[in-house]
1. May I ask for the angle, rounded to the nearest 10°, between helix 207-225 and the longest principal axis of the chain, with both axes built from Cα atoms and the value confined to 0 to 90°?
2. So, counting K/R as plus one and D/E as minus one, what does the shell of residues with Cβ under 12 Å around Glu113 add up to?
3. I'd like the distance between the alpha-carbon centres of the range 172-209 and the range 227-249, rounded to an integer number of Å.
4. Please list the non-local residues whose amide H lies under 5 Å from the amide H of Val86, H modeled 1.01 Å from N, same-chain partners needing a gap of 5 or more.
5. Given the options Pro88, Pro229, Pro62, which has the most mean-square fluctuation in a GNM of the chain, springs set between C-alpha atoms less than 10 angstrom apart?
6. What residues have an amide H closer than 5 Å to that of Leu38, excluding those fewer than 5 places away on the same chain, when H is modeled at 1.01 Å from N in the peptide plane?
7. I'd like the orientation of helix 192-203 relative to the chain: the angle between its Cα long axis and the longest Cα principal axis, in ° from 0 to 90, rounded to 10.
8. Can you sort Tyr260, Tyr84 so the residue with the fewest Cβ neighbours within 10 Å comes first?
Amino acid sequence: MPFQELVTMIPMLDQVSTSSHSQTLDSSGENHILIMVLRGHVTITPKDQAPVVISQGYACHPSSGPFAIQVPRTKEAEYVIITYGVFPEHSPWTLSGPLRTLSEVKIIYMLDELTRTLQDIHPDTEEEQAAQSFRKRFILERILFIFMYETHMTQDKKNTFASMEDTLSYIQEHYMLKLTLPMLAQRAGMSAGHFTVLFKKHTGTTMIHYLRSIRIEKAKQLFLQTHLPAKEIAQQTGFSDYFHFSRIFKKEVGCSPTEYLKGISEI
């Protein structure tokens, strides 16, 4: 997200409107458009791009317009359109596409404040006009910041979830190899400490215990499906020696590999 761009430019509010109908927005020139869905959802289709279903926010960049907004025929929807420019003119401002927020109540409150400022406050002096202009800019900056920050935050969560799921898949496929926490953390692009915390949060257990559980389950399958010696099964499931395998097996299953094999033969 363009936080560095936001530092060097100022958003200048042009107009605010509310709609519940389908329409096409022209974002020609230097005007940017921020769409915020208050109720239901809408489908937004930028020029020469695929349609996107939006239930929270969408930033329309002038280079991607016009934008077709489609309200579902069978459902009601309401959305706000904020048109704004940037100062200085021609400043780089690349914000575009779907926006997400965890603070919808706060956003709605600020929209109400912005509408009240525009409709109910009528400045009589230049000083009051300047104060109103600053207030409008301040509210718009806060709305943009919340959308940008929380879109970034939710995207990070998705990336973290995907990274953990990828790690679990990797362990499932390579459990027989020597897998270490630093190696898996490096593969996930994280520090060992951060990886440890996220793995425990994602699975409810540690990486070591998770790996051991996978290996023991694979060993049980081999006991059931093959006639391989216990020592060979230990090697095939990633254990460095039989004694370590036997100790972990008894801890996880409740009996030794020998006792487990005996129980299978009696079935």
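A short reminder: the numbers here are calculations on the coordinates, not readings from a lab. Note that the structure is a prediction, hence the values are computed from the model and not measured. Glycine gets a Cβ as well: all are built from the backbone with ideal geometry, and neighbour counts include every protein chain shown.
1. So the helix axis and the longest Cα principal axis differ by about 50 degrees.
2. +3
3. Cα centres, the range 172-209 to the range 227-249: 22 Å.
4. Residues meeting the criterion, in which the H sits 1.01 Å from N, are Met12.
5. Pro229
6. Glu78, Tyr79, Val80
7. Helix 192-203 and the main axis of the chain meet at about 90 degrees.
8. With the fewest neighbours first, Tyr260, Tyr84 line up as Tyr260, Tyr84.
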